[in-house]
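The structure under discussion appears below in the form of structure tokens.
The values are calculated or read from the model by the stated rules, or taken from the named source; none is laboratory data. What you see is a predicted model; the values in this text were computed from it and never measured. We place every Cβ from the backbone using ideal geometry, glycine too, and count neighbours over all the protein chains shown. Keep in mind that these areas ignore ligands, DNA and RNA; they rest on the heavy atoms of the full protein, side chains included. Shrake-Rupley method; radii C 1.70, N 1.55, O 1.52, S 1.80 Å.
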Amino acid sequence: MADTGKVLVIGANGQLGIELTDALIEIYGASQVIPSDITASDRENFVILDVLNVEQLRDIVRENGVTDVYLLAALLSARGEQNPMWAWKINMDGLLNVLELAREGIIRKIFWPSSIAVFGTTTPKVDTPQETIISPDTMYGITKLAGERLCAYYAKKFQVDVRSLRYPGLVGYRALPGGGTTDYAVDIYHKAVAGEIYRCFLSANTRLPFLYMPDAVRATLEIMQVPVSKISIRSSYNLAGFSCTPAEITSSIQQHISDFQIEYEPDFRQQIADSWPESINDKVARRDWGWQAQYTLPDMSREMIQCIREK
Ligand code: SER
């Protein structure tokens, strides 16, 4: 794209980062994309970057002529409950460091993910609207809510072009997620293909919203490419794929692997899941930038099983 300088992905080794980095390389070319993370990788142009180190961040952005930043580094919900102060630090300071560079005019455009974790037990659970009661019960959710308000604040006060999506649980076959509550929906496929029983940390009928990775990557690319005039939400857009329970994923796996078995052993993550919506209304994203999910649960199961087998 003519008006885009280099693109920096922070958290490029994570579940979403791996796939989004590939998609960005596809669009902009490998020489234009700088993947970064706190752990090493042998990707081209990769840099080790701690998002808390603002000077290093500034140097990387300046030296490489970075204009667009995808800030994916974060502690997710379950890990956040185990270390709330660390979650606050990484999730908030990381975002502020990037927003500040944009306020100074060094970065032009930011993508920052929010989550269904901004919603809490008092939020309407079904078809949760864009604008509703937002009172998260987890530290992760609290950081996402504060982050959304910071994005809206920097956009309004300093004209920072920061764009955000409230991701539901993301499911992909290429990388294992780490430290989330929706992670079961990835782990379950790996166990099924390995011919093992899956011990699920959520109960059979816990319904949560999900998005299959190709849809999540496409949504991210779309919101970053849409003309600025179309963006009416500067906190974060609701985004929906489909909703399902562990029992429903199990049945859908059993269409392909008939002897697959699951056992339910809910742990502390059950309470986190119980505080989140069952389904999301994303009509504002559809209206503003034409969002439309493509994958359903049967599509996802078919592809997950096939791709994990091939791996
Ligand atoms: N997938 C995340 C988690 O489970 C929610 O954003 O923590």
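Since Glu26 meets every condition but one in (1) under 22 Å from Gly172 (Cα atoms); (2) in contact (Cβ under 8 Å) with a residue 40 or more places away in the chain, which condition does it not meet?
(2)
Can you tell me which of Lys109, Lys157 is of a type in the set (Lys, Arg) and surrounded by fewer than 17 Cβ atoms within 10 Å (Cβ to Cβ)? Walk me through how you get there before you give the answer.
Numbers: Lys109 fails: surrounded by fewer than 17 Cβ atoms within 10 Å (Cβ to Cβ).
Step by step, each of Lys109, Lys157 is checked, and only Lys157 is of a type in the set (Lys, Arg) and surrounded by fewer than 17 Cβ atoms within 10 Å (Cβ to Cβ).
Which of (1) of a type outside the set (Ser, Thr, Tyr); (2) within 27 Å of Arg286 (Cβ to Cβ); (3) within 16 Å of the ligand (Cβ to nearest atom) is the odd one out, the single condition Pro84 does not satisfy?
Exception for Pro84: condition (2).
Being part of a loop (DSSP other than H, G, I, E, B) and loosely packed, with under 15 Cβ neighbours inside 10 Å is the filter here, so list the residues in the range 12-30 that pass it. Before you say what the answer is, go through the steps one by one.
So in the range 12-30, the residues part of a loop (DSSP other than H, G, I, E, B) come out as 12-14, 29.
Of everything in the range 12-30, just one residue is part of a loop (DSSP other than H, G, I, E, B) and loosely packed, with under 15 Cβ neighbours inside 10 Å, namely Gly29.
Report yes if Lys283 is in contact (Cβ under 8 Å) with a residue 60 or more places away in the chain and under 19 Å from Thr123 (Cα atoms), otherwise no.
Working: in contact (Cβ under 8 Å) with a residue 60 or more places away in the chain: yes; under 19 Å from Thr123 (Cα atoms): yes.
In short, yes.
Kindly provide the set of residues from the range 121-132 that are more than 16 Å from the ligand (Cβ to nearest atom), within 11 Å of Pro277 (Cβ to Cβ) and either in contact with a Phe, Trp or Tyr (Cβ under 8 Å, 6 or more places away or on another chain) or open to solvent by less than 10 Å² (accessible area, probe 1.4 Å) (or both), ordered by number.
Answer for the range 121-132, where residues must be more than 16 Å from the ligand (Cβ to nearest atom), within 11 Å of Pro277 (Cβ to Cβ) and either in contact with a Phe, Trp or Tyr (Cβ under 8 Å, 6 or more places away or on another chain) or open to solvent by less than 10 Å² (accessible area, probe 1.4 Å) (or both): just Thr132.
Answer yes or no as to whether Lys191 is in a helix (DSSP H, G or I), over 19 Å from Ser114 (Cβ atoms) and either open to solvent by 10 Å² or more (accessible area, probe 1.4 Å) or not basic (Lys, Arg) (or both).
Yes.
Can you tell me how many residues within the range 96-120 are within 15 Å of the ligand (Cβ to nearest atom) and either more than 14 Å from the chain's Cα centre (by Cα) or more than 16 Å from Arg166 (Cα to Cα) (or both)?
Final tally of qualifying residues: 2.
Being surrounded by 23 or more Cβ atoms within 10 Å (Cβ to Cβ), of a type outside the set (S, T, N, Q) and farther than 19 Å from Glu222 by Cα narrows it down to one of Val69, Val9, Val33, Val51, so name that one.
Working: Val69 fails: farther than 19 Å from Glu222 by Cα; Val9 fails: farther than 19 Å from Glu222 by Cα; Val33 fails: farther than 19 Å from Glu222 by Cα.
After ruling out the rest, the residue left standing is Val51.
Working only within the range 173-186, note down all residues that are within 12 Å of the ligand (Cβ to nearest atom) and either part of a helix (DSSP H, G or I) or of a type in the set (Ser, Thr, Tyr) (or both).
First, pick out the residues of the range 173-186 that are within 12 Å of the ligand (Cβ to nearest atom): 177-186.
Of everything in the range 173-186, those that are within 12 Å of the ligand (Cβ to nearest atom) and either part of a helix (DSSP H, G or I) or of a type in the set (Ser, Thr, Tyr) (or both) turn out to be Thr181, Thr182, Tyr184, Ala185, Val186.
Out of the residues in the range 285-303 that are more than 18 Å from Ser232 (Cβ to Cβ) and in contact with a Phe, Trp or Tyr (Cβ under 6 Å, 6 or more places away or on another chain), which is surrounded by the fewest Cβ atoms within 10 Å (Cβ to Cβ)? Please lay out each step first, then the result.
Residues of the range 285-303 that are more than 18 Å from Ser232 (Cβ to Cβ), as a first pass: 293-303.
Next cut, in contact with a Phe, Trp or Tyr (Cβ under 6 Å, 6 or more places away or on another chain) only: 295-297, 300.
On the way: Tyr295: 20, Thr296: 13, Leu297: 19, Met300: 26.
Ranking the qualifying residues of the range 285-303, first place goes to Thr296.
Residues that are in contact (Cβ under 8 Å) with a residue 60 or more places away in the chain, closer than 19 Å to Ile231 by Cβ and not charged (D, E, K, R): list the helices (runs of 4 or more DSSP H) wholly contained in the range 60-145 that include at least 3 such residues. Explain how you work it out, then say what you get.
Working: elements: 77-82, 84-88, 94-103.
Hits in the range 60-145: 94-103.
Just to be sure I understand the filter: pairs with C-beta atoms under 8 Å, separated by 6 or more residues or on different chains, first member in the range 299-311 and basic (Lys, Arg), second member open to solvent by 20 Å² or more (accessible area, probe 1.4 Å). Which pairs pass?
Once the first residue is basic (Lys, Arg) and sits in the range 299-311, its partners that are open to solvent by 20 Å² or more (accessible area, probe 1.4 Å) give Arg302/His256; Arg309/Val193; Lys311/Tyr173.
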